[in-house]
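The values are calculated or read from the model by the stated rules, or taken from the named source; none is laboratory data. Every value quoted in this text rests on a predicted model; they were computed, and no experiment measured them. When we count neighbours, we look across all protein chains shown, and the Cβ atoms used for this are built from the backbone with ideal geometry, even at glycine.
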Amino acid sequence: APVATGAAKKAELGRAGWTLIHTTAATLPTPLTPAARAGAVALIRAVAATYPCLECREHFAAFVAVHPVDTTSRDSILQWTCTAHNAVNVRQRKVAFPCHDIKALDARWGDCGCDRGAPPAAAPAAAP
Ligand code: FAD
């Protein structure tokens, strides 16, 4: 397939970004382990700090600042990623996903198509 550029590339990046974020959240272990929780928070912080599209990064960082990630459980993290995505959907006048519906979120994002292995055993190294 031809390499996407411009707005098509931005949209492709967005779909890839949400795929990573939602699939990561959906495949966190239940019960949530401290290491998995730390990894999910680190991923969200990294997106807020480094996502390539400036407008997207700033919106996402502002969302994180106003709505801290609820790290109570796998479900709450997955629902948080959904509400963060819905904030963009609203701006883009798209249909909001029913974030209260865990079954719908699992049906969309619960299968990574890969061997998930064991949950992470250690928290990611702290930033230097
Ligand atoms: P997407 O919106 O990428 O959705 C992909 C699939 O996710 C959908 O087909 C649906 O099955 C599922 N889905 C939809 N909503 C939800 C939800 N709430 N929860 C779970 N699953 C859902 N674009 C901008 O123009 N401006 C921005 O500020 C912006 N900020 C972004 C911030 C981040 C962190 C990311 C990752 C992307 C951002 N984007 C932004 C990109 C934008 O959100 C879309 O990804 C892009 O426009 C492509 O849209 P799409 O309609 O193809 O599908």
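Confirm whether Gly39 is at pLDDT 95 or above and under 13 Å from Arg74 (Cα atoms).
So Gly39 passes the test.
If I ask for residues that are closer than 11 Å to Ala25 by Cβ and of a type in the set (A, V, I, L, M), which ones from the range 58-93 would you list?
Passing the criteria: Val69, Ile77, Leu78, Ala84.
Spot the failing condition for Ala11; the list is (1) in a helix (DSSP H, G or I); (2) surrounded by 14 or more Cβ atoms within 10 Å (Cβ to Cβ), and only one is missed.
(2)
Among the residues of the range 60-95, write down those that are touching a helix residue (DSSP H, G or I) at 6+ places or on another chain (Cβ under 8 Å), more than 16 Å from Ala40 (Cα to Cα) and among the β-branched types (Val, Ile, Thr).
Scanning the range 60-95 gives Val88, Val95.
Can you find a residue in the range 2-23 that is of a type in the set (Val, Ile, Thr) and modelled with pLDDT under 95?
Yes, there is a match, as at least one residue in the range 2-23 is of a type in the set (Val, Ile, Thr) and modelled with pLDDT under 95.
Give the number of residues within the range 14-29 that are over 23 Å from Asp75 (Cβ atoms) and buried (at least 16 other Cβ atoms within 10 Å of the Cβ).
Selection size over the range 14-29: 1.
Out of Ala65, Ala49, Ala42, report the one residue that is more than 7 Å from the ligand (Cβ to nearest atom), on the phi < 0 side of the Ramachandran plot, touching a Pro at 6+ places or on another chain (Cβ under 6 Å) and not aromatic (Phe, Trp, Tyr).
Only one candidate qualifies: Ala42.
Go through (1) touching an Asp or Glu at 6+ places or on another chain (Cβ under 7 Å); (2) exposed (fewer than 15 other Cβ atoms within 10 Å of the Cβ) and name the single condition Ala62 misses.
(1)
Tell me which of these Leu32 doesn't satisfy, since it passes every other one: (1) among the aliphatic types (A, V, I, L, M); (2) over 11 Å from Ile77 (Cα atoms); (3) not in a helix (DSSP H, G or I).
(2)
Report the residue count in the range 78-119 for those that are among the hydrophobic types (A, V, I, L, M, F, W, C) and either touching a strand residue (DSSP E or B) at 6+ places or on another chain (Cβ under 8 Å) or exposed (fewer than 12 other Cβ atoms within 10 Å of the Cβ) (or both).
Here the count works out to 5.
So Leu28 ticks every box in (1) within 12 Å of the chain's Cα centre (by Cα); (2) touching a residue at least 40 places away in the same chain (Cβ under 8 Å); (3) within 17 Å of Ala125 (Cα to Cα) but one. Which box is left unticked?
(3)
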